[in-house]
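Participant: Please find one structure pasted underneath; my questions will follow.
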Amino acid sequence: MTSVAVNDQSATELAELIRVSRTIGSDPALVLHGGGNSSLKTTTTDITGQAVETLYVKGSGHDLATITAAGFAALRLASVRRLLPPVVVPDDALWSELRCALLDADAPDPSVETLVHALLPDPVVLHSHADAVLIISNTVDGSARARSLFGNLCVIVDYAMPGPDLVAACDAAWRARRGDEVGLVVLGHGLFTVGSTPQEALDRHLAVVAVAEVAAGTLPPTPAPEAAESVSPTELARVRGQLCRTAGRAFIVRHDTAADVRAFIADPALLSATERGPLTPDHVSWTKPWPLIGTDVGGYADAYRAYVLQNRSRRALPITELDPAPRVVMDPRLGLLTVGRGTTEAAAVAEITRHTMAAVARAEQLGGYRPASREHVFDLEYWLFQQRKLTRASRGDSDLTGQVALVTGAASGIGRGCAAQLLEAGATVVGWDLATSVTETFDSPNYLGIQLDVTDAAAVAEALAQQIDAFGGLDILVVAAGIFPTSANLGELTAAAWRRTMAVNVDAVMELYGQAMPLLAEAFPYGRVVLIASKNVAAPGPGAAAYSSSKAAVTQLTRVAALEWAGLGIRVNMLHPDAVFDTGLWTPELLAARAEHYGMSIDDYKRRNLLHAEITSGAVGRLATQLCTEDFACTTGAQIPIDGGNERVI
Ligand code: ZN
């Protein structure tokens with residue numbers, strides 16, 4: 001329910017604006033991660049029935065999903081216009097002023113570029129950070145080039161910081177216009193076009209971008225470079241570990257060795273051009289001001305700290321937390337690494353970097369890449385709104401955000417319960433299982449399912465390499481894959497069943513531990529292992545010789561791991577669950593048959609323990625996840641029962 005009464009006319013106009021905004025928003029060459037917004041001036045009716053001149057402007061948010069009616073903020077145009085030049089609204093007052101001008105208290109925060117939208121008199125304003133427009137203005141003679149190219153179409157504005165500076169610059173330039181211009185080009189920032197309808201503003205927008213596209217030229221086809229040198233997963237995990245330790249937080253790191261990326265990185269002139277600054281300072285909160293060329297993370301951190309110290313007096317804002325880790329690493333041997341606090345952010349950094357590489361290469365063809373905004377990159381990185389955006393973005397972070405967990409046996413039962421809880425706690429999870437459904441067990445950008453047989457050592461190595469390419473590391477290992485063979489007393493138990501049980505429940509874990517150890521040693525803040533063992537270790541069951549023996553052996557193996565790896569800071573702990581019935585092993589029929597065998601109701605049978613508790617795979621998952629948090633920072637080698645209390649165990 002909104003307090004803005006939208007009449008038929010304004011509803012139609014808003015729907016049309018949304019359609020056009022989605023056209024722009026779905027083209028990454030126009031809008032990348034928050035770069036751009038749109039607005040509409042119309043008349044709505046307030047709760048008293050009075051007509052209100054209204055400005056709809058896109059709220060903050062950076063994906064296509066936010067381009068809906070709910071993603072636009074309706075403001076009283078008169079309240080916004082009173083903030084225009086010559087009035088100067090300082091940054092720290094703008095947010096409050098804009099929120100107080102809203103017609104609906106539940107609306108999203110309007111874009112920080114709202115004042116520019118209000119300044120332009122036309123009913124519709126569309127804004128993008130089109131790559132081609134940025135390429136033109138980010139060349140050596142970008143200002144002259146932009147003026148000769150767009151001067152008859154648009155008013156040209158020199159780069160100015162978003163906020164009061166940009167509003168003042170746009171205001172002055174717009175006042176001095178000839179009268180037939182269709183918009184504003186802000187050098188080093190982007191394009192605003194105006195129109196009496198959304199379609200007109202869109203047509204004009206695309207026409208200006210088309211002019212820029214032709215002038216920006218095309219890149220010659222990439223010559224096929226030599227095959228990428230293979231990089232060991234351990235080496236990549238080590239670089240990620242350094243990045244995390246430098247920033248003091250966990251990162252997801254993506255590895256890219258596509259042919260065009262390698263061709264770019266192999267060119268020293270292009271590499272050094274990227275160090276001149278971002279395509280638009282808007283990218284700086286994702287990418288940092290310049291990439292790390294090579295792998296000297298410590299050297300980058302020193303240079304970044306010096307840069308902040310040198311510039312900090314430019315901003316009134318106290319710089320409380322300094323994170324000097326790079327977000328983009330370009331190394332001729334390793335390829336491209338992009339860094340984010342989660343998978344979505346790392347993917348956004350990758351996309352921005354890909355666009356930047358292509359734009360830098362095209363600008364170099366035009367005589368040289370020179371970001372028009374290079375003097376203002378620091379100001380934007382430490383701009384109040386940017387910092388507020390970062391705080392807002394990290395508010396949803398949990399304990400395990402940015403950490404990478406591997407769960408074996410993740411498609412069902414306890415493995416699935418562990419993966420679900422780790423995802424819930426913010427971790428990025430790789431799930432392995434023999435079942436092909438593992439690829440679809442969870443629908444989340446933070447989940448990667450890989451179908452494999454844990455007894456296949458080569459497949460294990462390949463899956464670990466795939467994980468490091470996708471996410472950069474291995475911080476948490478939960479070993480839940482295991483088999484429970486058909487009950488068989490000694491004499492009936494076959495050697496084949498025994499060997500198969502040992503192969504999956506013990507041998508495969510020994511192999512996995514060996515392969516995972518070098519990766520866990522690079523983990524952030526340190527490696528953690530949780531083995532899902534069994535109550536059968538302390539209290540074996542008749543008819544379960546193979547299973548009980550395998551779980552006892554893997555527990556002993558894991559205790560040795562705790563001893564051997566303590567020096568690497570890796571914590572290794574074990575859980576002994578019992579009577580977890582919501583797993584693939586237990587069908588309703590089997591449960592009913594067992595309950596009847598004991599002469600119990602199903603519910604009583606499920607709670608056959610001292611606490612009379614029902615033990616679910618979710619409960620085991622919660623405990624496994626908790627073991628991986630700081631609460632257990634001083635615990636390794638522990639064996640914890642989760643069985644509701646068992647006299648034979650106690
Ligand atoms: Zn912008």
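Participant: Can you confirm whether LEU292 is out of contact with any Gly (no Cβ under 9 Å at 6 or more places or on another chain) and either modelled with pLDDT of 95 or more or not acidic (Asp, Glu) (or both)? Reasoning before the result, please.
Facilitator: On the way: out of contact with any Gly (no Cβ under 9 Å at 6 or more places or on another chain): no; either modelled with pLDDT of 95 or more or not acidic (Asp, Glu) (or both): yes.
No; evaluated as a whole, the condition is false for this residue.
Participant: Got a number for residues in region 204-226 being closer than 14 Å to CYS154 by Cα and open to solvent by 10 Å² or more (accessible area, probe 1.4 Å)? Working first, answer last.
Facilitator: So the first thing to find is which residues in region 204-226 are closer than 14 Å to CYS154 by Cα, and the list is 204-212.
Now drop any that are not open to solvent by 10 Å² or more (accessible area, probe 1.4 Å), which leaves 204, 206-207, 209-211.
Here the count works out to 6.
Participant: Being buried (at least 24 other Cβ atoms within 10 Å of the Cβ), over 28 Å from ALA93 (Cβ atoms) and within 16 Å of the ligand (Cβ to nearest atom) is the requirement here; does ALA118 meet it?
Facilitator: Working: buried (at least 24 other Cβ atoms within 10 Å of the Cβ): yes; over 28 Å from ALA93 (Cβ atoms): no; within 16 Å of the ligand (Cβ to nearest atom): yes.
Taking the combined requirement at face value, the residue does not satisfy it.
Participant: Would you call VAL124 within 16 Å of the ligand (Cβ to nearest atom) and at pLDDT 95 or above? Steps first, answer last, please.
Facilitator: Numbers: within 16 Å of the ligand (Cβ to nearest atom): no; at pLDDT 95 or above: yes.
No: the conditions fail for VAL124.
Participant: If VAL140 satisfies every condition in (1) under 11 Å from VAL57 (Cα atoms); (2) touching a residue at least 40 places away in the same chain (Cβ under 8 Å); (3) more than 26 Å from the chain's Cα centre (by Cα) but one, which is the exception?
Facilitator: VAL140 satisfies all of (1) under 11 Å from VAL57 (Cα atoms); (2) touching a residue at least 40 places away in the same chain (Cβ under 8 Å); (3) more than 26 Å from the chain's Cα centre (by Cα) except (1).
Participant: Within region 11-34, can one find any residue that is of a type in the set (S, T, N, Q), modelled with pLDDT under 90, within 16 Å of the ligand (Cβ to nearest atom) and within 18 Å of SER111 (Cβ to Cβ)?
Facilitator: No: region 11-34 contains no residue that is of a type in the set (S, T, N, Q), modelled with pLDDT under 90, within 16 Å of the ligand (Cβ to nearest atom) and within 18 Å of SER111 (Cβ to Cβ).
Participant: In this structure, does ASP109 turn out to be over 28 Å from THR12 (Cβ atoms), within 16 Å of the ligand (Cβ to nearest atom) and open to solvent by 10 Å² or more (accessible area, probe 1.4 Å)? Don't jump to the end; show me each part of the working.
Facilitator: Numbers: over 28 Å from THR12 (Cβ atoms): no; within 16 Å of the ligand (Cβ to nearest atom): yes; open to solvent by 10 Å² or more (accessible area, probe 1.4 Å): yes.
No: the conditions fail for ASP109.
Participant: Next question. Being within 16 Å of the ligand (Cβ to nearest atom), open to solvent by 10 Å² or more (accessible area, probe 1.4 Å) and not in a strand (DSSP E or B), is that true of even one residue in region 40-57? First the steps, then the outcome.
Facilitator: Here is the first cut: in region 40-57, the ones within 16 Å of the ligand (Cβ to nearest atom) are 57.
If we keep only those that are open to solvent by 10 Å² or more (accessible area, probe 1.4 Å) too, we end up with none.
No.
Participant: Hey, ARG333 hits all of (1) under 18 Å from ALA470 (Cβ atoms); (2) among the basic types (Lys, Arg); (3) surrounded by fewer than 19 Cβ atoms within 10 Å (Cβ to Cβ) but one; which does it fall short on?
Facilitator: For ARG333, the exception is condition (1).
Participant: List pairs: first in region 294-309 and surrounded by 12 or more Cβ atoms within 10 Å (Cβ to Cβ), second of a type in the set (Asp, Glu) and not in a helix (DSSP H, G or I), Cβ under 6 Å, 6+ apart or cross-chain?
Facilitator: Pairs that qualify, where the first residue is surrounded by 12 or more Cβ atoms within 10 Å (Cβ to Cβ) and the partner is of a type in the set (Asp, Glu) and not in a helix (DSSP H, G or I), are GLY294/ASP331; THR295/ASP331.
Participant: Within the group LEU611, LEU627, which residue is loosely packed, with under 13 Cβ neighbours inside 10 Å and modelled with pLDDT of 95 or more?
Facilitator: Numbers: LEU627 fails: loosely packed, with under 13 Cβ neighbours inside 10 Å.
LEU611 is the lone residue from the list that is loosely packed, with under 13 Cβ neighbours inside 10 Å and modelled with pLDDT of 95 or more.
Participant: Tally time: how many residues in region 144-189 are among the small types (Gly, Ala, Ser) and either within 12 Å of the ligand (Cβ to nearest atom) or touching a Ser or Thr at 6+ places or on another chain (Cβ under 7 Å) (or both)?
Facilitator: Within region 144-189, the subset among the small types (Gly, Ala, Ser) is 144, 146, 148, 151, 160, 163, 168-169, 172-173, 176, 179, 183, 188.
Cutting the leftovers down to either within 12 Å of the ligand (Cβ to nearest atom) or touching a Ser or Thr at 6+ places or on another chain (Cβ under 7 Å) (or both) gives us 146, 160, 163, 183, 188.
Matching residues across region 144-189 total 5.
Participant: Determine which member of the set LEU563, LEU575, LEU568, LEU557 is touching a residue at least 40 places away in the same chain (Cβ under 8 Å) and touching a strand residue (DSSP E or B) at 6+ places or on another chain (Cβ under 8 Å). Quick ask: steps written out before the conclusion?
Facilitator: Details: LEU563 fails: touching a strand residue (DSSP E or B) at 6+ places or on another chain (Cβ under 8 Å); LEU568 fails: touching a strand residue (DSSP E or B) at 6+ places or on another chain (Cβ under 8 Å); LEU557 fails: touching a strand residue (DSSP E or B) at 6+ places or on another chain (Cβ under 8 Å).
Every option except LEU575 fails the conditions.
Participant: Kindly indicate which of ARG571, ARG622 is open to solvent by 80 Å² or more (accessible area, probe 1.4 Å), within 16 Å of LEU531 (Cα to Cα) and modelled with pLDDT of 95 or more. Break it down stepwise before answering.
Facilitator: Details: ARG571 fails: open to solvent by 80 Å² or more (accessible area, probe 1.4 Å).
After ruling out the rest, the residue left standing is ARG622.
Participant: Got at least one residue in region 78-89 being under 27 Å from ALA393 (Cα atoms), touching a helix residue (DSSP H, G or I) at 6+ places or on another chain (Cβ under 8 Å) and part of a strand (DSSP E or B)?
Facilitator: Step one: list which residues in region 78-89 are under 27 Å from ALA393 (Cα atoms), which gives 80, 89.
Pick out the ones that are also touching a helix residue (DSSP H, G or I) at 6+ places or on another chain (Cβ under 8 Å) and you get 80, 89.
If we keep only those that are part of a strand (DSSP E or B) too, we end up with none.
No, region 78-89 has no match at all.
Participant: Now for a different question. Taking the stated definitions as given, is HIS612 on the phi > 0 side of the Ramachandran plot and more than 41 Å from the chain's Cα centre (by Cα)? Steps first, answer last, please.
Facilitator: Working: on the phi > 0 side of the Ramachandran plot: yes; more than 41 Å from the chain's Cα centre (by Cα): yes.
Here the answer is yes, as HIS612 does meet what is asked.
Participant: Would you tally the residues in region 357-378 being touching a Gly at 6+ places or on another chain (Cβ under 6 Å) and in a loop (DSSP other than H, G, I, E, B)?
Facilitator: Result for region 357-378: 3.
Participant: Out of all the residues in region 421-430, is one or more among the small types (Gly, Ala, Ser) and open to solvent by 50 Å² or more (accessible area, probe 1.4 Å)? Walk me through it before giving the result.
Facilitator: Of all residues in region 421-430, those among the small types (Gly, Ala, Ser) come to 425-427.
Subset that is open to solvent by 50 Å² or more (accessible area, probe 1.4 Å): none.
No, because not a single residue in region 421-430 is among the small types (Gly, Ala, Ser) and open to solvent by 50 Å² or more (accessible area, probe 1.4 Å).
The values are calculated or read from the model by the stated rules, or taken from the named source; none is laboratory data. All values derive from a computational prediction rather than experimental measurement. Virtual Cβ from ideal backbone geometry, glycine too; neighbours counted across all protein chains shown. Ligands, DNA and RNA are stripped out before the accessible areas are found, and what is left, the full protein with its side chains, is counted by its heavy atoms. Shrake-Rupley method; radii C 1.70, N 1.55, O 1.52, S 1.80 Å.
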